[in-house]
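Nothing in this text is a laboratory measurement; each read-out follows from the coordinates by a stated rule. What you see is a predicted model; the values in this text were computed from it and never measured. A quick note on method: Cβ atoms are made from the backbone with ideal geometry, for glycine too, and the neighbour counts reach across all protein chains shown.
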Amino acid sequence: MELHNLKPAKGATKKDKRIGRGTGSGRGGTATKGHKGAQSRAGYSAKAGFEGGQMPLQRRLPKFGFRNINRIEHTGINLDTLQRLVDTKKITDFNLEVFYKNGLTSKNDLVKILGRGELKSAVNISVHAVTKAAKEHIEKLGGKIEILNSYK
């Protein structure tokens, strides 16, 4: 067996219907589109979600939720993550560049320190926001926190 004589199994493929190719084809005339109406004409396309005049799903379901346009999204970094960096990379001064280089944030992210986990050594941190629990924990160990301007 070689590449040039491979073919699909018998019955695995069918020929396409040749529509609109004259009366002899059996599918000439209206070309299976019926008589008159938008769907029989060139250029017709139903808009997304159109259900043939039935009330579309997106209008049958109720509206819900709210998205605050003034919300400021922060990327959270927990204390246990900081401790892991202290243990593995011996870092004690954390800033946006350190987080970016270690793959914890993207280039222009706003960063917030969160209180999950435990920190065992004093660290200096320069970020946009800190939770109350995280701030207490860091300052209890003798660390310092610098809050950056959080508006881009």
From phi via Karplus (6.51, -1.76, 1.60), per-residue ³J(HN,Hα) for region 37-42 in Hz, x at Gly/Pro: x, 4, 5, 8, 9, 5
P(r) histogram, all alpha-carbon pairs of region 75-147 included - 5 Å bins from 0, percent: 4, 18, 33, 29, 14, 2, 0
Nonlocal amide H pairs with ILE125, under 5 Å, H built at 1.01 Å: PHE94, LYS144, ILE145, GLU146
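If you rank ASP93, ASP16 by fewest surrounding Cβ atoms within 10 Å, what's the result? List each step's numbers first, then the result.
Numbers: ASP93 10, ASP16 5.
Listing ASP93, ASP16 from fewest to most nearby Cβ atoms yields ASP16, ASP93.
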Among LYS15, LYS89, LYS132: highest mean-square fluctuation, GNM of the chain, C-alpha pairs under 10 Å: LYS15
Long-range tail of P(r) for the chain (Cα pairs > 28 Å, %): 59 percent
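Here is the link list: LYS89/LYS140; LYS10/LYS47; LYS89/LYS144; LYS101/LYS140; LYS90/LYS132. Which ones come out longer than 31 Å on Cα distance?
Details: LYS89/LYS140 23 Å; LYS10/LYS47 40 Å; LYS89/LYS144 19 Å; LYS101/LYS140 27 Å; LYS90/LYS132 25 Å.
Cα-Cα > 31 Å for LYS10/LYS47; rest within.
For region 75-147, what is the charge dipole size about the Cα centre, in debye to the nearest 20, if Lys and Arg each add +1 at the Cβ and Asp and Glu each add -1 at the Cβ?
On the way: 12 positive and 9 negative charges, 16 e Å.
That gives region 75-147 a dipole magnitude of about 80 debye.
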Per-residue Cβ neighbour rank within 10 angstrom, fewest leading, THR105, THR30, THR131: THR30, THR131, THR105
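Any idea what the relative contact order of region 35-152 is, in percent, if you count C-alpha pairs under 8 Å spaced at least 6 apart?
Values: 136 pairs, mean separation 24.2, N = 118.
Relative contact order, region 35-152: 21 percent.
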For VAL111, distant residues with modelled amide H under 5 Å away: THR75, HIS128, ALA129
